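Have a look at the structure below, then the notes.
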Amino acid sequence: MRKPVIAGNWKMFKLIADAVETALELKPKVANANDREIVIAPVFTALRTVSDRVDGSNIRIAAQDCAVQNEFGAHTGEVSPDMLRDAGCTHVIIGHSERRQFYGETDSSVNKKTKAALSAGLVAIVCVGESLAEREAGNAETVVKSQLESGLSGLTVADMERIIIAYEPVWAIGTGKTATPEQAQDMHAAVRKTIAESHGSGVADKVRILYGGSVKPDNIVVLMSQPDVDGALVGGASLDAESFSRIVNFDRTS
Ligand code: PEP
């Protein structure tokens, strides 16, 4: 049984005080959700403060990106995975489509960052997903398969225990368009098959695959009812504690 993961990507929103306020509002609302993992990803500058304020709770902290290096060095503007651990992170999001589209992230840098994150003891949430043009051209699965093969290249079976995959179709992120549950299931099954081919079926059966793209309180249950959907990476709807808590507390029987 794979434990669901609900992760909130706060992107470049919230000053430190707002981030703390949201986290503190969230904490009691999700305090009983112990059969799922809860992760929030504030901006770098708020990581330490927010992680201190949720310490001892069931909320884990992720960064939204990391450097490819772990050792100290002349890398102006970069933040290493070790530094993220130092700031209270347990997770890091790697290869989000906004970083791929606008900040030059490549499959190769995703692979290096993933390895650096793992070497620092972080869980890496590795994002993959096709653009609308790629889907319309019938290439969605090929694109995602290739992102996975490159991004996870060289990872051992033990490494894969600290990998979470987030499938986020680019056309569904921040657009209000959600993949249908069937589209999500088909791609999640393809992701699991790709991982079975590269790392074996034991790894593939265990790896959590999150869906991301306009997840809201009113579509989480139907998405989570798909057999290969193991959680969600949530952007917009994670910014508000009430709406994020409703996603976290989704009830399969409702
Ligand atoms: C995201 O940022 O990863 C995301 C899925 O955003 P949204 O939920 O707003 O589409």
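What pairs come out if I take residues in the range 154-172 that are free of Cβ contacts under 8 Å to residues at least 40 places away in the same chain and pair them with residues that are within 10 Å of the ligand (Cβ to nearest atom) and of a type in the set (Asp, Glu) whose C-beta lies under 8 Å away, six or more apart or interchain?
none
Select from the range 203-222 the residues that are closer than 19 Å to Val126 by Cβ and of a type outside the set (D, E, K, R) and list them in ascending order.
If the condition is that a residue be closer than 19 Å to Val126 by Cβ and of a type outside the set (D, E, K, R), then Val203, Ala204, Val207, Ile209, Leu210, Tyr211, Gly212, Gly213, Val215 are the ones that fit.
For the range 38-64, which positions are in contact with a helix residue (DSSP H, G or I) (Cβ under 8 Å, 6 or more places away or on another chain), surrounded by fewer than 19 Cβ atoms within 10 Å (Cβ to Cβ) and among the hydrophobic types (A, V, I, L, M, F, W, C)?
Once the filter is applied, which keeps residues that are in contact with a helix residue (DSSP H, G or I) (Cβ under 8 Å, 6 or more places away or on another chain), surrounded by fewer than 19 Cβ atoms within 10 Å (Cβ to Cβ) and among the hydrophobic types (A, V, I, L, M, F, W, C), the range 38-64 yields only Val43.
Hey, can you tell me all the residues within the range 164-174 that are more than 7 Å from the ligand (Cβ to nearest atom) and β-branched (Val, Ile, Thr)?
Hits for the range 164-174 are Ile164, Ile165, Val170.
Can you find even one residue in the range 180-203 that is buried (at least 16 other Cβ atoms within 10 Å of the Cβ), under 30 Å from Asp18 (Cβ atoms) and within 16 Å of the ligand (Cβ to nearest atom)?
Checked against the condition, which is being buried (at least 16 other Cβ atoms within 10 Å of the Cβ), under 30 Å from Asp18 (Cβ atoms) and within 16 Å of the ligand (Cβ to nearest atom), the range 180-203 yields no hits at all.
Can you tell me which condition Ala67 does not meet? The list is (1) surrounded by fewer than 19 Cβ atoms within 10 Å (Cβ to Cβ); (2) farther than 20 Å from Leu233 by Cβ; (3) of a type in the set (A, V, I, L, M), and all the others hold.
If we test Ala67 against (1) surrounded by fewer than 19 Cβ atoms within 10 Å (Cβ to Cβ); (2) farther than 20 Å from Leu233 by Cβ; (3) of a type in the set (A, V, I, L, M), just (1) comes out false.
Would you check which residues across the range 80-96 are surrounded by fewer than 24 Cβ atoms within 10 Å (Cβ to Cβ) and either touching a Ser or Thr at 6+ places or on another chain (Cβ under 7 Å) or closer than 18 Å to Leu132 by Cα (or both) and list them? Full working, then the answer.
Within the range 80-96, the subset surrounded by fewer than 24 Cβ atoms within 10 Å (Cβ to Cβ) is 80, 82-83, 85-88, 90-91.
Scanning the range 80-96 gives Ala87, Gly88.
Tell me which residues, restricted to the range 4-27, are buried (at least 19 other Cβ atoms within 10 Å of the Cβ), more than 18 Å from Arg246 (Cβ to Cβ) and among the small types (Gly, Ala, Ser).
Correct list: Ala19 only.
If you take the residues in the range 62-116 that are within 22 Å of Ala23 (Cα to Cα) and among the charged types (D, E, K, R), which one is nearest to the chain's Cα centre (by Cα)?
Asp65
For Val215, are the conditions met, namely being of a type in the set (Val, Ile, Thr), near the ligand (Cβ under 10 Å from one of its atoms), modelled with pLDDT of 95 or more and part of a loop (DSSP other than H, G, I, E, B)? Break it down into steps so the answer makes sense when it comes.
Working: of a type in the set (Val, Ile, Thr): yes; near the ligand (Cβ under 10 Å from one of its atoms): yes; modelled with pLDDT of 95 or more: yes; part of a loop (DSSP other than H, G, I, E, B): yes.
Criteria met by Val215.
The values are calculated or read from the model by the stated rules, or taken from the named source; none is laboratory data. Since we're looking at a predicted model, the values are computed, not measured. Methodologically, a virtual Cβ is constructed for each residue, glycine included, from the backbone with ideal geometry; neighbour enumeration extends over all protein chains shown.
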